[in-house]
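Below is one structure; the comments refer to it alone.
The values are calculated or read from the model by the stated rules, or taken from the named source; none is laboratory data. Not measured: the values here are computed from a predicted model. Heads up, the Cβs are rebuilt from the backbone with ideal geometry, glycines too, and the neighbour counts pull from every protein chain shown.
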Amino acid sequence: MEIVRRLATYIAGARKEALADDLREAACRAVLDLVAAALPGIDAPGPRAVRRVAATTTASGTLPIWFTGQRAGLAGAIWCNTSAAAALDLDDGHRIARGHPGAAIIPAAFAAAEEIGATTDELLQAIVVGYEVGVAVGAARRFYANTGMWSGYGVVAALGTLRRTPPDVLAHAFAIAGISAPNQLHAGAGPLFPAQEGNDVKEGIAWSSLTAVNALLLAEAGHGGPLALLDQPEHFRLEGLADGLGQQRYVARNYMKFHACCRHVHAPVEALLGLVAEHRLAAENIEAIEVATYAGALRIANRPEPSGFTDIQFSIPYCLALVAIDGPDALLPLTSSAMHRPDVVALARRVSLRLDPELDARFPAETLSRVTVRSGDRVVTSPVTAPRGEASAPPSWADLEGKLRHASRFAATPAQQNELIAACNHLRDGDHAQLLEALATIRLDSASG
């Protein structure tokens with residue numbers, strides 16, 4: 001049996017199973033974290049452009065484009081909401097898949113759940129299944145590829161779970177989604193391309209969600225795909241790809257982010273902030289910053305003078321200079337005021353990066369850095385530092401509520417924040433209706449331009 005058929009068979013069985021309490025809690029945490037990422041992301045340049053294009057290229061409908069008061073069909077709503085969720089790089093990630101499942105899977109699950117009138121249990125089950133399938137495919141690949149090359153499998157899984165798509169049709173949906181996904185070769189920094197350039201396409205998460213939902217709709221309409229797509233041992237580790245689905249519990253093994261930048265930037269930022277706090281370092285006295293890190297962190301663009309808003313998210317030097325000058329809140333959220341700052345560029349040019357073989361050997365299981373700062377006659381070095389929010393030390397529910405409040409403090413009013421947090425707590429208590437209402441009716445002034 002082709003692997004795509006085995007994925008479809010797993011989903012058919014998962015629909016009949018009760019959701020374990022800890023997986024229910026993990027799915028609710030993922031939703032709260034995703035809302036905290038999408039709320040400030042709505043005003044970023046990428047989502048603005050997506051909403052303009054979606055209004056003219058996708059079908060109209062009744063599903064909400066979050067925080068705008070606008071409506072769209074299934075594909076348009078998923079495209080717009082995923083774009084907002086991924087825009088600031090505040091969405092969750094998964095170490096084993098080396099990518100970001102939540103921004104793709106959760107908006108798709110919410111749109112389909114509202115379209116069919118799903119129960120809360122069905123919604124949460126679809127999210128759990130989406131993570132289980134998407135991360136499994138991402139983890140099985142033998143080559144590095146950014147999220148958009150595999151997240152569509154998770155989107156199809158979530159949609160197929162809710163829409164009760166027959167297994168034979170669902171298998172073709174997986175195949176169509178996989179063959180139609182953006183290749184992301186440039187963003188993946190392959191041998192023919194330069195280091196990743198920060199841009200609004202990001203990892204192709206939003207675009208691959210659009211291709212995935214259309215893949216499912218095409219399959220339901222009778223379109224066929226290459227069913228042997230995943231049965232390629234030179235490209236995928238076939239052992240374990242479809243075995244054990246439902247027991248991997250991937251939704252409970254994600255990391256969550258507290259800085260609006262690429263995960264490769266987080267460990268250096270945390271290390272520098274620790275040094276600044278411990279040694280009372282003043283940015284104007286810093287003469288040099290050296291970052292010892294792993295190869296993955298050296299593959300992003302790391303421009304000391306980023307080309308624009310999104311490019312900042314992929315620059316260790318610029319982000320370090322930004323938090324040294326503006327403090328620990330500078331990247332929660334990232335705002336347009338961070339762009340093109342001569343004072344930040346000047347300090348960023350004093351940041352050097354080097355490969356540390358010991359830290360590189362621990363990647364990708366861990367993303368660690370060590371930072372050394374020279375300031376006057378002092379040279380201080382951080383311990384080896386991990387990012388905050390790792391699966392091994394997950395944030396609390398209160399931490400995630402705090403993230404939502406802090407990340408959206410320039411975008412939402414306190415009353416809007418309270419409404420969303422209360423709605424997420426209702427979801428946690430077993431009722432998602434209030435959250436559906438809040439996502440549809442809360443309208444941010446920034447979203448209207």
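When the criteria are applied in full, ASP33 fails the requirement of being buried (at least 24 other Cβ atoms within 10 Å of the Cβ) and within 20 Å of ASP200 (Cβ to Cβ). Residue count for the stretch 225-278 satisfying the condition of being in a loop (DSSP other than H, G, I, E, B) and not aliphatic (A, V, I, L, M): 23.
For the stretch 369-389, the criterion of a residue being in contact with a Phe, Trp or Tyr (Cβ under 6 Å, 6 or more places away or on another chain) and not aliphatic (A, V, I, L, M) is satisfied by at least one position. Checked against (1) more than 17 Å from PHE67 (Cα to Cα); (2) within 25 Å of the chain's Cα centre (by Cα); (3) of a type in the set (A, V, I, L, M, F, W, C), VAL371 meets all criteria but (2). Counting the residues of the stretch 179-198 that are modelled with pLDDT of 85 or more and under 19 Å from the mean Cα position of the chain (by Cα) gives 2.
Kindly indicate whether ALA75 is part of a helix (DSSP H, G or I) and over 13 Å from the mean Cα position of the chain (by Cα). Taking the combined requirement at face value, the residue satisfies it.
Number of residues in the stretch 95-114 that are modelled with pLDDT of 95 or more, of a type outside the set (D, E, K, R) and over 14 Å from GLU203 (Cα atoms): the value is 9. Pairing each residue of the stretch 269-283 that is more than 21 Å from THR367 (Cβ to Cβ) with any residue that is small (Gly, Ala, Ser), provided the two are 6+ apart or on different chains, yields C-beta distances under 7 Å for LEU281/SER375; ALA283/ALA324. The condition of being touching a helix residue (DSSP H, G or I) at 6+ places or on another chain (Cβ under 7 Å), modelled with pLDDT under 95 and either under 30 Å from ALA398 (Cα atoms) or surrounded by fewer than 18 Cβ atoms within 10 Å (Cβ to Cβ) (or both) holds for only one of PRO64, PRO45, PRO40, that being PRO45. Only one of these is farther than 22 Å from SER209 by Cα, of a type in the set (A, V, I, L, M, F, W, C) and in the same structural domain as CYS80 (by TED's automatic domain parsing): ALA38, ALA44, ALA18, ALA30. Name it. ALA18 is the lone residue from the list that is farther than 22 Å from SER209 by Cα, of a type in the set (A, V, I, L, M, F, W, C) and in the same structural domain as CYS80 (by TED's automatic domain parsing).
Residue by residue, here is whether (1) under 30 Å from TYR144 (Cα atoms); (2) surrounded by fewer than 24 Cβ atoms within 10 Å (Cβ to Cβ); (3) out of contact with any Pro (no Cβ under 8 Å at 6 or more places or on another chain) holds:
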{"position": "ARG253", "(1), (2), (3)": "yes, yes, yes"}
{"position": "ARG263", "(1), (2), (3)": "yes, yes, no"}
{"position": "LEU275", "(1), (2), (3)": "no, yes, yes"}
{"position": "ALA297", "(1), (2), (3)": "yes, no, no"}
{"position": "GLU305", "(1), (2), (3)": "yes, yes, yes"}
{"position": "SER315", "(1), (2), (3)": "yes, no, no"}
{"position": "TYR318", "(1), (2), (3)": "yes, no, no"}
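If you check ARG98, ARG52 for being touching a residue at least 40 places away in the same chain (Cβ under 8 Å), basic (Lys, Arg) and out of contact with any Cys (no Cβ under 9 Å at 6 or more places or on another chain), only one passes: ARG98.
For PHE363, indicate whether it is farther than 30 Å from ARG98 by Cβ and within 27 Å of the chain's Cα centre (by Cα). It is false that PHE363 is farther than 30 Å from ARG98 by Cβ and within 27 Å of the chain's Cα centre (by Cα).
To keep it simple, each residue is scored yes or no on (1) over 20 Å from ALA87 (Cα atoms); (2) polar (S, T, N, Q).
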site	(1), (2)
CYS262	no, no
VAL265	no, no
VAL269	no, no
VAL276	yes, no
LEU281	yes, no
ALA288	yes, no
ALA295	yes, no
ASN302	no, yes
ASP311	no, no
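Given the criteria without any contact (Cβ under 8 Å) to a residue 60 or more places away in the chain, on the phi < 0 side of the Ramachandran plot, part of a helix (DSSP H, G or I) and under 18 Å from the mean Cα position of the chain (by Cα), does ALA136 qualify? When the stated conditions are applied, ALA136 does not pass them.
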